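The values are calculated or read from the model by the stated rules, or taken from the named source; none is laboratory data. Model, not experiment: these values are computed from the prediction. Note that each Cβ is placed from the backbone with ideal geometry, even for glycine, and that neighbours are counted across all protein chains shown.
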Ligand code: SF4
């Protein structure tokens with residue numbers, strides 16, 4: 001575990017149900033590997049299958065993810081890369097040049113995600129080296145740096161050298177910073193200031209929240225979160241269904257039958273910008289948007305597919321909702 005002092009200060013220590021506490025403090029439920037919601041895995045997104053070595057994960061033809069470090073500012077209790085984060089970082093750093101060479105050789109890659117772990121744990125000079133290796137690759141349209149640091153340790157963005165790096169790189173190639181706010185209590189004066197400073201460099205900040213029991217499992221919690229994000233200039237982008245991760249699923253995942261109603265109810269009260277987010281299942285077979293329910297059926301649309309099954313991209317999937325099903329495989333097929 002690792003909790004920055006700033007983030008620790010957001011927790012109401014007198015409230016055992018404090019949502020920020022659930023995100024940061026280990027719970028005894030993590031001793032349950034699988035449990036009541038169903039089977040679990042250490043690798044729900046199939047990262048290992050798409051690992052090309054040198055810290056590079058290449059799942060969809062057009063996107064490559066580079067594991068820049070395996071350390072984080074905070075170890076989130078619901079992390080889907082729980083099996084990796086916190087391990088020694090030397091391997092990924094040593095191999096960055098080779099990862100950049102892989103990207104340069106694959107002209108079908110239009111964008112790179114620097115991820116981990118959290119790349120903002122790296123010294124600015126190391127980030128500068130990584131970004132300059134990517135800046136010259138002509139077929140890259142843009143680069144993303146995925147980071148929860150604006151939320152858990154916003155002071156990292158009060159560093160002028162880092163902001164200068166963002167500004168300089170963004171003038172050569174478009175830079176995005178996907179971040180990870182899950183609850184309105186994470187939107188503080190300091191995280192607002194961090195988001196503003198990042199935006200002032202010309203970098204766009206998008207948010208990828210995770211839908212979590214005990215954290216944001218009500219329409220009001222989602223409404224407050226999405227409205228808070230648009231207020232500080234952070235774009236709601238994804239709301240992820242909690243994955244079937246070992247030691248996570250049992251206590252954090254919300255059944256889809258309950259979840260789809262919560263999300264639909266929230267969207268009714270949100271303006272157009274605040275409801276731009278997609279409710280997403282980050283499945284091994286590709287990303288699946290959860291569109292809504294039609295009676296007792298769940299209507300989904302696959303938006304990314306594995307290269308070996310291109311016909312699956314854009315397909316509509318309809319499954320029967322059950323009281324406890326929290327993942328695609330839990331929901332029975334619907335007979336035509
Ligand atoms: S910051 Fe991201 S990678 Fe790190 S523990 Fe949290 S969710 Fe996992």
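Return yes when residue 256 is modelled with pLDDT of 95 or more, within 15 Å of the chain's Cα centre (by Cα) and closer than 29 Å to residue 312 by Cβ and no when it is not. Answer is no for this residue. Here is a check on your reading of the model: is residue 112 within 16 Å of the ligand (Cβ to nearest atom), touching a residue at least 40 places away in the same chain (Cβ under 8 Å) and buried (at least 23 other Cβ atoms within 10 Å of the Cβ)? Against the criterion (within 16 Å of the ligand (Cβ to nearest atom), touching a residue at least 40 places away in the same chain (Cβ under 8 Å) and buried (at least 23 other Cβ atoms within 10 Å of the Cβ)), residue 112 does not qualify.
Suppose the filter is crowded, with 17+ Cβ neighbours inside 10 Å, within 16 Å of the ligand (Cβ to nearest atom) and at positive phi; does residue 86 pass it? Working first, answer last.
Details: crowded, with 17+ Cβ neighbours inside 10 Å: no; within 16 Å of the ligand (Cβ to nearest atom): yes; at positive phi: yes.
Taking the combined requirement at face value, the residue does not satisfy it.
Yes/no matrix, rows are residues, columns are (1) assigned to a strand (DSSP E or B); (2) modelled with pLDDT under 95; (3) over 30 Å from residue 228 (Cβ atoms); (4) touching a strand residue (DSSP E or B) at 6+ places or on another chain (Cβ under 6 Å):
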residue: 128; (1), (2), (3), (4): no, no, yes, no
residue: 134; (1), (2), (3), (4): no, no, yes, yes
residue: 137; (1), (2), (3), (4): no, no, yes, no
residue: 170; (1), (2), (3), (4): no, no, no, no
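Scanning the range 289-323 for residues that are touching a helix residue (DSSP H, G or I) at 6+ places or on another chain (Cβ under 7 Å) and in a loop (DSSP other than H, G, I, E, B), we see that the one that is farthest from residue 109 (Cα to Cα) is 323. Tallying residues that are touching a residue at least 60 places away in the same chain (Cβ under 8 Å), surrounded by 18 or more Cβ atoms within 10 Å (Cβ to Cβ) and closer than 23 Å to residue 330 by Cβ within the range 23-51 yields 4.
Only residues that are touching a strand residue (DSSP E or B) at 6+ places or on another chain (Cβ under 9 Å), assigned to a helix (DSSP H, G or I) and over 15 Å from residue 135 (Cα atoms) were counted in the range 147-168, giving 3.
Scoring residue 88 on the criteria (1) modelled with pLDDT under 75; (2) outside any loop (DSSP other than H, G, I, E, B) leaves a single failure, condition (2). Does residue 276 meet the test of being assigned to a loop (DSSP other than H, G, I, E, B), within 24 Å of residue 60 (Cβ to Cβ) and more than 15 Å from the chain's Cα centre (by Cα)? Yes, satisfied.
Taken together, the residues in the range 58-81 that are assigned to a strand (DSSP E or B) and either more than 16 Å from the ligand (Cβ to nearest atom) or surrounded by fewer than 20 Cβ atoms within 10 Å (Cβ to Cβ) (or both) amount to 2.
Among the residues of the range 195-225, those that are assigned to a helix (DSSP H, G or I) and touching a strand residue (DSSP E or B) at 6+ places or on another chain (Cβ under 9 Å) comprise 195, 198, 199, 222, 225.
Tell me, which residue of the range 115-125 that is within 15 Å of the ligand (Cβ to nearest atom) and out of contact with any strand residue (DSSP E or B) (no Cβ under 6 Å at 6 or more places or on another chain) is nearest to residue 56 (Cα to Cα)? So, considering only residues that are within 15 Å of the ligand (Cβ to nearest atom) and out of contact with any strand residue (DSSP E or B) (no Cβ under 6 Å at 6 or more places or on another chain), the one nearest to residue 56 (Cα to Cα) is 117.
Flag set for residue 285, criterion: at pLDDT below 95 and in contact with a helix residue (DSSP H, G or I) (Cβ under 9 Å, 6 or more places away or on another chain). Residue count for the range 126-171, restricted to those that are within 29 Å of residue 105 (Cα to Cα) and within 15 Å of the ligand (Cβ to nearest atom): 4.
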